[in-house]
Amino acid sequence: MLLIFLSWIYIFFTAKNFGILFTKIFNIKTCNCFVVIALGLLFYTITTSFFAFFIRINIEYYLLVLCLNLLLAYRFKNIIIDYLSSTFKTFKSLNIQHKILYLFLFTILLAQSSTKPYLIDNETYYIQTIKWINEFGYVKGLANVHMFLGQNSSWHTLQAGFNFPFFSNFHNDINGFLFVVFSIFAVEKLSNNSENIQDFSLGLILLFSLFLMQFVNAPSPDLIIFLITPYIFYLFIVNYKNISKNDFKIFLSLVLFLCFVKVTMVVLSTLILILFLNNYNTLKSQLWQYLFFSITVLVLFISKNAIVSGYLLYPITQIDLVDFDWKVPKELLNFYKLGTYLEGMSNMDVSQLGFLEKVKVWLTLPKLDGLFNKAFILLLIVFPWAVYKNKDKSSLFIIFILAIIQLVLLWFTSPQYRFFFVFVSFLGIQVFLRFSAIRKAGLYLVYLSVILSAIPVFITIDLNAFTNNNFAMELNTFKLKNIIIPEANTKTETKYTMHNIDGFEFYSPNEDVFFWATGDGNLPCVNKKQIDYIRYYYNYVPQMRTDNLKDGFKSIAIEKTIKN
């Protein structure tokens, strides 16, 4: 806990410095502390992503950032002091119940961040993505080694800029930090007694603390989506008819941040266009500034994709405008996309089923999958009736339409509940507010949720009632030693063995580890089961492009290798 707390302090001041610099560059004059931190994380992500094209994100980069931090701290010392003072005033303004609520949440977030990561994706590609960035930066054709590495979220680039790889392998702290910063903002919204019910709705995100807590101890891009998207919806609703240039810049920046982190959130870009058109006369004078920033983020995004996978919009193969020797073969991408789709169906083969039969399977999936799927459909049915008299019904219905669009898009790609959970939480809170006139009911439920979220942190719970994944049956609880030293960034306990298959040398976990798992193995690391499977069924094997790992990988057809 102690080491994580120290890393949070470092992240806080780095995000604060970069956030203030960002507001100066784009002439953003007023924003709260939470927004400054979010903008700082965005700017630091953009900066780190840029450098990752050319250098590894390791000790030399950290030293550069340290020097820049010192310069920014000196240059903006008065502004930093003002923000710190404002943050302390916000906390002091809370009543005793809300102070206890926040401190309790802060403590369990710190404890949870010290435990072993729970999410299975951490063991398949989070660790390895970050490790590659730390040791080499962006690597050409990395997706040929393990197709999941082609996703290469900018959130992992951000974590690579904060995890001190030259010091330890246990700093996966960015999600816990973000939740802590969001929590003070949410608790303040719960306590301010604003007449605008949307202020209160932001605080009610803490109703889902038990669910969100499972994303804290791994650098999952999902958590920032769950926490920032409700604030984007909030800005859209309260500024729908009249938005200032200042608020639009914040709105645009946050939407671009989420799209940069996770491409599935591209539907939010529709809200940018709607706000701009609704407030055209106010915003048109700075159109070129908005376009410049948007294009900058887009260029970084597609350039990273092109380097890592050979495609501009991985894993979409329809937009195939460039031809690199490290491009992932389309047959392998089709295999990857099929697997991703089937994961949304709990890996059941539905290829021979009709549309309605697939819907029935999806709705009746066991445990959490089926529960959230049914909840989403129910909310889509109830929501229009629940808010039709709401004064914000126009903006609310636009978000409702986006929820439907998101569901349609996911239906053809990967209909997993975590990809639409943010709409479930938003629609659910709006419906709850429609039927719960007493705010105290919401507060009591928040207290209950936060208390319940502490239980799995300290008590071992069998998750058989919630998941069918044998690898995710048990949450890792907090131990006394974690007061000082956190757990490592992996829960995969296995030995690694070097293999050579058709000239490709790699480290693989032992046979007892599941198909996609890599854990924290030395680079390049991929499961031998995976290499053997693709070699047998698709006749491809990864190969280094040169003798240097930095130069990346390509997939070679076995037949061609034999002929040579």
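The values are calculated or read from the model by the stated rules, or taken from the named source; none is laboratory data. Only a predicted model underlies this, so the values are computations on that prediction, with no experimental measurement involved. For neighbour counting, all protein chains shown are included, and Cβ atoms are generated from backbone atoms with ideal geometry for every residue, glycine included.
Some observations on this one:
- Leading residue by the ranking (modelled with the lowest pLDDT) among those in region 144-186 that are of a type in the set (Ser, Thr, Tyr) and over 24 Å from residue 203 (Cβ atoms): 168
- Criterion violated by residue 294 - all others in (1) touching a helix residue (DSSP H, G or I) at 6+ places or on another chain (Cβ under 9 Å); (2) closer than 20 Å to residue 142 by Cβ satisfied: (2)
- Single match in 280, 240, 311 (criterion: touching a Lys or Arg at 6+ places or on another chain (Cβ under 8 Å) and modelled with pLDDT of 90 or more): 311
- Single unsatisfied condition, residue 272 versus (1) touching a residue at least 40 places away in the same chain (Cβ under 8 Å); (2) under 30 Å from residue 316 (Cβ atoms); (3) touching a Phe, Trp or Tyr at 6+ places or on another chain (Cβ under 9 Å); (4) part of a helix (DSSP H, G or I): (1)
- Tally, over region 381-423, of residues that are in contact with a Phe, Trp or Tyr (Cβ under 9 Å, 6 or more places away or on another chain), aromatic (Phe, Trp, Tyr) and more than 22 Å from residue 369 (Cβ to Cβ): 3
- Inclusion of residue 168 among residues that are in contact with a Gly (Cβ under 9 Å, 6 or more places away or on another chain), farther than 22 Å from residue 422 by Cα and small (Gly, Ala, Ser) is not warranted.
- Of all the listed residues (109, 84, 149, 158), the sole one being more than 19 Å from residue 41 (Cβ to Cβ) and part of a helix (DSSP H, G or I) is 149.
- Test: residue 398 is among the hydrophobic types (A, V, I, L, M, F, W, C) and under 23 Å from residue 269 (Cα atoms): yes
- Within region 115-133, tally of residues that are buried (at least 24 other Cβ atoms within 10 Å of the Cβ), within 20 Å of residue 49 (Cβ to Cβ) and not aromatic (Phe, Trp, Tyr): 5
- Put simply, of 13, 50, 54, 34 the only residue that is assigned to a loop (DSSP other than H, G, I, E, B), aromatic (Phe, Trp, Tyr) and either modelled with pLDDT under 95 or surrounded by fewer than 23 Cβ atoms within 10 Å (Cβ to Cβ) (or both) is 54.
- Scanning region 166-202 for residues that are crowded, with 20+ Cβ neighbours inside 10 Å and part of a loop (DSSP other than H, G, I, E, B) gives 170, 171, 172, 173.
- Pairs linking a residue in region 333-345 that is on the phi > 0 side of the Ramachandran plot to a residue that is in a helix (DSSP H, G or I), with Cβ atoms under 6 Å and 6 or more positions apart or on different chains, do not occur.
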